[in-house]
Each structure stands twice: as C-alpha cells, then as structure tokens.
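What follows is a single structure, written as structure tokens, with notes after it.
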Amino acid sequence: MTQPSDVEIAATTPMRPIEDVAERAGIPARALYKYGDHKAKVDVRHVAASQRRPGSKLVLVTATSPTPAGEGKTTTSVGLTDALNQLGENAIVCLREPSLGPVFGMKGGAAGGGYAQLNPMADINLHFTGDFAAIAAAHNLLAAMLDNHLHHGNELGIDQRRILLKRVLDVNDRALRDIVIGLGGVINGIPRESGFDIVVASEIMAIFCLATSLEDLRERIGRIVVARTRDNKPVTAADLKADGAMTALLKDALSPNLVQTLEGNPAFVHGGPFANIAHGCNSVMATNAGLAHADWVVTEAGFGADLGAEKFVDLKCRMTGLRPDVVVIVATIRSMKYHGGVATADLTTENLQALDDGLLNLYRHLENIQNVFGLPVVVGINRFPSDTDAEIDLLRKRMADRGVSVQLATHFADGGEGALDLARAVRLAVAESPSPDLQFTYGDEASLEEKLHAVATRVYRAGSVDIPAAVRRQIAALEAEGYGDLPVCVAKTQMSFSTDPALRGAPTGHTLEVREVRLAAGAGFVVFVCGTIMTMPGLPKTPGAERISVDAEGQVTGLF
C-alpha cells in the first residue's frame, strides 16, 4: 500500500490544543499569544526570563552534502525528538521556518515528512505567524527611508554608487535580481540601479536569529551598514533613524513560535536563514527557550555539515556560548551512491562500488565534526525501501572500521518508533562524552583572510583561495574600520565542498573562488560570496507552485 502524501498525513492526524503542548513544556498559558487552536507565540519576555534547565543537552542534526535524492535532515530531527520522548526523555525540537522560495520552487514543504513532521504542516509552510512578512517589512522600510533620504537632499552625503542595500521578497524571482528604480521624473526619487534578494538572505533575518532580546535586536539593526558616503564612510540604519521603527515591526515576531510534532511533542519553529547564503540556524531565542523547557533539545543546521554545522559552530556558538553535546550526521545510501557517481535515475539499483566510492563524502563530514570541531558524532541512516542488505552491511562495516556509531532509521514510515535506535545511540554518545571540548575553525585574533583560508582548507579541503585584487582592497578597508575581529560567513553552493556544484564526493586541492565580500555589521560577521551562488534564486522550469492548490473545504493540497 502506498503511503499517503505528507500533507494528507498531516491533515488526518489529530492535533492537541496548543495550550496542552505548552503545558507539557512547562510554559504557562499567560505566556502564549495564540494563532488559532494549534500554534502560538511564546512571549519574548518569558523566554528572556527563563533559565536554562540544569543538565539540558543540545543535539545538532546536520547532513552529508545535499543531493537531488534528498537526505531527510528535518524529518530526522523530528523523528529523533519523538523517539527521545518515547524513551521517556523530555525533548523539544527547534527548527527554522520554511521560506516560500523553496516551497513554491524546487524543494517543496519544509516541516519534515511522512510520519515525522510538524503540524499544522500547511500553516507552517504558508505564511505561518507572519514572521517573514515582518522581516521583509522592516527591511523594505529601511530601503524606503534610504531612498527618501536621497530624495530630500541627502544630508548624510551618501554616494549613490555605493548603496549596499537591496529590497527583499520571499519568492524566487530572477527578474528582480538587477533593476533600476526611481524612474518617472523628479517626483519619483533618484534613479539608480538596485535589485531584490530573497528574504532569507536579508541581514535582518540573520540579526533576527542571533538577537537575544529586543534591546539586542535594536542595537544590531542600528549597526547595519546600508551605504557609504562620498568619502567612503559607512552609513548605518541608526544614521537614517530607522532602527526604532524597524524594531517596532519586529517586536512581536521575535517571540518564538510553538507548534507540535505529529506525536504531540513541542516544537519551536522560528527564523529561517539559508545556510548557503547566511548562517542557516533557527533563532537563538527559540534554542534558549528549548533549553529552558526540556532536558533534550534537537536542532538542525542547514544543508551539509560543511555549511550549516560550520556556521552553527563558528557563528552561533561563538556568539552565544551554546555548545552541542553531540552531532547527528544524516545520510542515505542513495545519496552516497550519488556521490559515488551514480545518475539520479539509477540510485535505487544496488551498486556497492559506487556506495563505497561515495562514502568519501560522509568520511569528510565525519572528520570535520570529530577533528575540526572536536564533537562526538552519530551517523543516522535515513532508510529507503530500495536499500539492499548488502549495501547496509557494507555501510555498517565501513563505519565500524572508523569506530563510529551508525543507526538505521525508518521514522518517515514509522514515526518516532522508527528512530528509537538512533535516539539510544545519541543518549549513549552523550553519556560517553559528557563535556565535549568544542573547537572553532579559527581564532578571533586571525585576520579576515586567515579566517576564510582556515574554513577553505580545514573544512572544504581547498588547495587555494582566489581573492581578486578589488576584494582584497575591500577586506583591508574593513579591517581598517575595525571589522577585522568579526567571524566569517562563506556563501557558496551547498551541493559540493567546492564552489563547483557538479563536483561530487570529497574533492581536495580545488580553488575557493571569492566573488565579493559583504559586511554584515549588525549580524556580526563578514560574508564572502564565492562561486556563482545567488542571493535571489529563480524558479525551476516546473515550479512546485504548479502542483499546490486548495480544495473547496479550504484544505491545501500538493504540499509534498
């Protein structure tokens, strides 16, 4: 019998009232702002006043390099959380909010899958509680105030050739990447080149997910550098007097969103920066809320471990003092065969040689987690019906040779019960390494170029870093202005350790090609844009939006 679709499973699974979910997490009803019966925000003041529960553990879920076959990282995060609760533990999952870009583009829904997903699934994927709309409004208000300042005399002396801020939209739209605004005469402002980024690429999204309070949020927003003057001095959101109004637009959004898994366990879903163009983690507010209300918090970092996990460690952990107690690397036998050179159409056919060759990708991620970051690790294999006994035996042997715990999981089909072995392995790994010594890829004292080189060589195994002369001058200028102490965020393709998305497996000796450098002073890092990565994606030839609809009863269909 064919398993129902994700949206069909979610629609037919009874949900607990959100007050009951909150009570299970020890969150009082007075701290809730309800959005109907099954979703709520938890007052940011309650979160800020809550202390971390003594002995609470943080589990970071990451994955091998993504493939067209999919790995199931979010599904595993949800299944693992349900499994821990089935074992009698008190566990909460903390995830990012889906962007409408992937939902209507290529990826589809992003709230887990099968019987290991979140509910209300359709709401989470479509608008949810309006956080992304608030972030877009705050960002675009800043852009409007910048252009308004130019129109009314440009008192700050902004150089129109050095405006750094674009506008944002939460839809993939390649036609808006590069545009001209202000046309139509004097009344419409100053004509200039501009463009759009997707909302998740906005610095405000990164700030939103790193802020620890409303005060911290406003301070970070005020530091956003939007342009430079004619003598090349930075102009900030605070200089434009926009920070107060922007914070007002975000004050309610900063409260974490509470929903539930299909098995009724609490889930915080808040914030959503992509890991290939930002830092790829849910909000600090939500993570802290989880650690204050549960003994186990399962969270994920976007895309493969070279992107999400590196940024979780080098950015989120560095800035907040958070420390993962164990890392779960999600992989599939299909994805390993893909990295071994198998075409997508042939991934369900047994191929031991390709599997063996593709395991190099998993080995690389394991080495990074264990040797670069110094953290204990468990491998979770998201099992598919096409996986053969011979392939599973080979995988187990290779992991045993490396002394790494590997567990098969069937949570997609079986819910939390299908991830019980993985949950037990996670508990054991924490018990055997109760206080792991987290290590960063580079030190604070290193120069910006040295930090980039460390990520490129230690994590990506690049042989060199190609930095154009113009970018080197920008780096020198940023360091002269006092930004050299900031960590770095590499924006590159998620499909490969290199900047070439077609280079599978575990390439070494490649060149990390830097295209530009961007200052994210409010977020607190410097972004190096590498290869052909874009901050406004385009829709595929057959976008997911074509299959999404709603029936006469108001039930959304086609969301996976």
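The values are calculated or read from the model by the stated rules, or taken from the named source; none is laboratory data. Values in this document were obtained by computation on a predicted structure and should not be read as measured data. Don't worry about glycine lacking a Cβ; one is built from the backbone with ideal geometry, like all the others, and counts go over all protein chains shown. The accessibility values were calculated without ligands, DNA or RNA, using every heavy atom of the protein model including side chains. Shrake-Rupley method; radii C 1.70, N 1.55, O 1.52, S 1.80 Å.
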Original post:
Restricting attention to region 526-555, which residues are free of Cβ contacts under 8 Å to residues at least 24 places away in the same chain and either charged (D, E, K, R) or crowded, with 18+ Cβ neighbours inside 10 Å (or both)?
Top reply: Lys541, Glu546, Arg547, Asp551, Glu553
Original post:
Looking at Asp147, is it of a type in the set (D, E, K, R), outside any loop (DSSP other than H, G, I, E, B), open to solvent by 10 Å² or more (accessible area, probe 1.4 Å) and within 26 Å of Glu8 (Cβ to Cβ)?
Top reply: no
Original post:
Does Ala110 fit the bill of being part of a loop (DSSP other than H, G, I, E, B), out of contact with any Cys (no Cβ under 9 Å at 6 or more places or on another chain) and closer than 17 Å to Pro273 by Cβ?
Top reply: yes
Original post:
Can you tell me which residues in region 311-355 are of a type in the set (A, V, I, L, M) and surrounded by fewer than 16 Cβ atoms within 10 Å (Cβ to Cβ)?
Top reply: Ala343, Ala345, Leu352
Subject >> Residue among Ala470, Ala429, Ala456, Ala462 that is crowded, with 20+ Cβ neighbours inside 10 Å and over 24 Å from the mean Cα position of the chain (by Cα) >> reply: Ala429
Original post:
When region 249-291 is examined, which residues are found to be assigned to a loop (DSSP other than H, G, I, E, B), under 19 Å from Met121 (Cα atoms) and either aliphatic (A, V, I, L, M) or open to solvent by 10 Å² or more (accessible area, probe 1.4 Å) (or both)?
Top reply: Leu262, Glu263
**OP:** Give me a count of the residues in region 200-220 that are within 20 Å of the chain's Cα centre (by Cα) and either in a loop (DSSP other than H, G, I, E, B) or acidic (Asp, Glu) (or both).
**Re:** 4
Original post:
From Val61, Val7, which residue is farther than 19 Å from Thr129 by Cβ, touching an Asp or Glu at 6+ places or on another chain (Cβ under 8 Å) and in contact (Cβ under 8 Å) with a residue 60 or more places away in the chain?
Top reply: Val61
Subject >> Which numbered condition Val59 misses (of (1) under 17 Å from Thr299 (Cβ atoms); (2) assigned to a strand (DSSP E or B); (3) open to solvent by 10 Å² or more (accessible area, probe 1.4 Å)) >> reply: (3)
Subject >> Residue check, Ala10 buried (at least 19 other Cβ atoms within 10 Å of the Cβ), among the small types (Gly, Ala, Ser) and at pLDDT 95 or above >> reply: no
Original post:
Looking at this structure, is Gly36 surrounded by fewer than 22 Cβ atoms within 10 Å (Cβ to Cβ), over 21 Å from Ser283 (Cα atoms) and out of contact with any helix residue (DSSP H, G or I) (no Cβ under 6 Å at 6 or more places or on another chain)?
Top reply: yes
**OP:** Tell me which residues, restricted to region 69-101, are open to solvent by less than 30 Å² (accessible area, probe 1.4 Å) and closer than 19 Å to Phe132 by Cα.
**Re:** Cys94, Leu95, Glu97, Pro98, Ser99, Leu100, Gly101
**OP:** Determine which member of the set Gly538, Gly509, Gly522 is in contact with a Gly (Cβ under 9 Å, 6 or more places away or on another chain), under 30 Å from Gly482 (Cβ atoms) and not in a strand (DSSP E or B).
**Re:** Gly522
Original post:
Checking Ala48 against (1) at pLDDT 95 or above; (2) of a type outside the set (Val, Ile, Thr); (3) open to solvent by 50 Å² or more (accessible area, probe 1.4 Å); (4) over 19 Å from Asp421 (Cβ atoms), which single condition isn't satisfied?
Top reply: (1)
**OP:** Mind counting the residues in region 525-560 that are of a type in the set (S, T, N, Q) and in contact with a strand residue (DSSP E or B) (Cβ under 7 Å, 6 or more places away or on another chain)?
**Re:** 3
